[in-house]
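Asker: First the structure, which I've put down as structure tokens, then a few questions once you've had a look.
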Amino acid sequence: MNIFRLTGDLSHLAAIIILLLKIWKTRSCAGISGKSQILFALVFTTRYLDLFSSFISLYNTVMKVIYIMCAYATVYLIYGKFKATYDGNHDTFRVEFLLIPVVLLAVLINHAFAPMEILWTFSIYLESVAILPQLFMISKTGEAETITTHYLFFLGLYRTLYLFNWIWRFYFEGFFDLIAVVAGLVQTILYCDFFYLYITKVLKGKKLSLPA
Amino acid sequence: RPGSCQKDEL
């Protein structure tokens, strides 16, 4: 555990909590892509199956359980409790265009051709692109609530910090996982445009809106 | 086992 890994995990946790609180406090999930949230729930479910097969640490177990529970709670709020506020008309990203290539890639390029390993690889690949329906929704409506941009910022920051974590682990532990690193790079790159808008607009007190 | 070492991450 190094500082990048820890702050990365906390950033991830912050993102998840910010989104849950936003929906809960405003009693609305307007502007949130339910499709992205379903994909994230799928990511956690397929990655954390090892909760049943191996114990790493109390920290590891607790964080995994929190992530999974929050992911399903978010999906429930969007498609259940606050369904009336869900903006399905703008959440039109074709998820099969992500899922099919990701399944194929996970079957073809993995560390070992075993069910658990393929599911883990699938979750890594899927996570790297799971935010696309959300970004697509924002580009379609041309704007995002400020609290939604904070969510996206912490979610993007998390994988960026993991990149530094992997550099650290490469030098000090000889650890290197090509699949995680490449997927993490892709994931981070997808946020670059958003990071730019966040820094130049939101942090200066302006609402994030895109030119028509 | 290849690829098993990273499973301590989240």
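Each value in this text was obtained by applying a stated rule to the coordinates, not by laboratory testing. None of the values given here were measured: they were computed from a predicted structure. Here Cβ is always computed from backbone atoms with ideal geometry, including for glycine, and neighbour counts include all displayed protein chains.
Asker: Given an 8 Å cut-off on Cα distances and at least 6 residues of separation, report the relative contact order of chain A as a percent.
Answerer: Values: 254 pairs, mean separation 66.3, N = 212.
Worked out over chain A, it gives 31 percent.
Asker: Can you list, bin by bin at 10 Å, the percent of alpha carbon pairs in region A:88-137, starting at 0?
Answerer: Percent of pairs per bin, in order: 27, 45, 21, 7, 0.
Asker: Let me ask you something else. How large is ³J(HN,Hα), in whole Hz, for each residue of region A:198-205 in order, when computed from phi with the Karplus curve 6.51 cos²θ - 1.76 cosθ + 1.60 and θ = phi - 60°, using x for Gly and Pro?
Answerer: These are the phi-based 3J(HN,Hα) values: 4, 6, 7, 10, 5, 5, 9, x Hz.
Asker: Specify the residue with the greatest mean-square fluctuation among A:LEU157, A:LEU197, A:LEU19, computed from a Gaussian network of chain A linking alpha-carbon atoms under 10 Å apart.
Answerer: For chain A, modelled as a Gaussian network with Cα springs under 10 Å, the answer is A:LEU197.
Asker: A further question follows. Taking a quarter of the surface of the convex hull around the Cα atoms of the protein assembly as shown, what do you get in nm²?
Answerer: Numbers: hull surface 50.0 nm².
Its average projected convex-hull area is 12.5 nm².
Asker: If I build a Gaussian network model for chain A, linking alpha-carbon pairs within less than 10 angstrom, which residue out of A:SER139, A:SER36, A:SER57 has the largest mean-square fluctuation?
Answerer: Largest GNM mean-square fluctuation: A:SER57.
Asker: Treat each spin label as a single point 7 Å out from the Cα along the C-beta direction, and report the A:THR26 to A:PHE176 distance in nm.
Answerer: Once both label points are built, they end up 4.4 nm from each other.
Asker: Could you tell me the center-to-center distance, by alpha carbons, between region A:137-212 and region A:1-80 in angstrom?
Answerer: Going from one Cα centre to the other spans 16 Å.
Asker: Still on this structure, I have one more. Just to be sure I understand: with springs between alpha-carbon atoms less than 10 Å apart, which residue in A:LYS35, A:LYS83, A:LYS25 has the highest mean-square fluctuation in the Gaussian network model of chain A?
Answerer: Among A:LYS35, A:LYS83, A:LYS25, the largest GNM mean-square fluctuation belongs to A:LYS25.
Asker: Take every residue in peptide A:109-119, count the Cβ atoms of other chains within 10 Å of its Cβ, and give the average of those counts.
Answerer: That average works out to 2.
Asker: Charges only on Cβ, +1 for Lys and Arg, -1 for Asp and Glu: so what's the dipole of chain A about the Cα centre, in debye to the nearest 20?
Answerer: Working: 17 positive and 12 negative charges, 151 e Å.
The calculated dipole for chain A is roughly 720 debye.
Asker: Would region A:1-107 count as rounded, prolate or oblate if I go by the C-alpha gyration tensor, calling it rounded below 1.5 in a/c and otherwise prolate when a/b exceeds b/c, oblate otherwise?
Answerer: Numbers: a/c = 2.09, a/b = 1.31, b/c = 1.59.
Verdict is oblate for region A:1-107.
Asker: Quick check: from the Cα gyration tensor, does region A:129-170 come out rounded (a/c under 1.5), prolate or oblate? Could you put the intermediate results ahead of the total?
Answerer: On the way: a/c = 4.95, a/b = 2.37, b/c = 2.09.
It is prolate, given that a/c is not under 1.5 and a/b is the larger ratio.
Asker: May I ask you to list the residues of region A:1-43 whose amide nitrogen lies under 11 Å from a point 7 Å from Cα along the Cα→beta-carbon direction of A:ALA212?
Answerer: Once the point is set 7 Å along Cα→Cβ of A:ALA212, nothing inside region A:1-43 turns out to lie under 11 Å by backbone N.
Asker: Using amide H atoms built in the peptide plane, which far-off residues or other-chain residues are under 5 Å from A:GLU143 H to H?
Answerer: So A:GLU143 has HN proximity to A:LEU210.
Asker: Roughly how compact is region A:123-212, stated as its Cα Rg over 2.2 N^0.38 Å to two decimals?
Answerer: With N residues counted in region A:123-212, Rg over 2.2 N^0.38 Å equals 1.22.
Asker: Take every Cα pair under 8 Å in region A:46-151 that's 6+ residues apart, average their separations, divide by the length, and report that relative contact order as a whole percent. Please list the in-between numbers first.
Answerer: Working: 58 pairs, mean separation 33.8, N = 106.
Relative CO of region A:46-151 lands at 32 percent.
Asker: So what is the 222 nm mean residue ellipticity for the protein assembly as shown from helices alone, if each DSSP H run of at least 4 adds -39500 (n - 2.57) and you divide by all residues, rounding to the nearest 500 deg cm²/dmol? Could you put the intermediate results ahead of the total?
Answerer: Numbers: 8 runs with 146 residues, N = 222.
Computed ellipticity for the protein assembly as shown at 222 nm equals -22500 deg cm²/dmol.
Asker: For region A:14-96, what is the relative contact order in percent, using Cα pairs closer than 8 Å and at least 6 residues apart in sequence?
Answerer: On the way: 65 pairs, mean separation 40.6, N = 83.
Contact order relative to length: 49 percent.
Asker: Just tell me how shielded A:200-207 is by partners: mean number of partner chain Cβ atoms within 10 Å of each residue's Cβ, no decimals. Write down the numbers at each step before the final one.
Answerer: Details: counts 0, 0, 0, 0, 0, 0, 0, 0.
Partner-chain Cβ atoms within 10 Å, mean over residues of A:200-207: 0.
Asker: Now for a separate question. Can you pull the mean other chain C-beta count within 10 Å for peptide A:193-199? All intermediate terms of the calculation are to be shown ahead of the outcome.
Answerer: Numbers: counts 0, 0, 0, 0, 0, 0, 0.
For peptide A:193-199, the averaged partner shielding equals 0.
Asker: Specify whether the C-alpha gyration tensor of region A:55-139 places it in the rounded, prolate or oblate class, a ≥ b ≥ c being the square roots of the eigenvalues: rounded for a/c under 1.5, otherwise prolate if a/b is larger than b/c and oblate if not.
Answerer: Details: a/c = 2.84, a/b = 1.27, b/c = 2.23.
Oblate.
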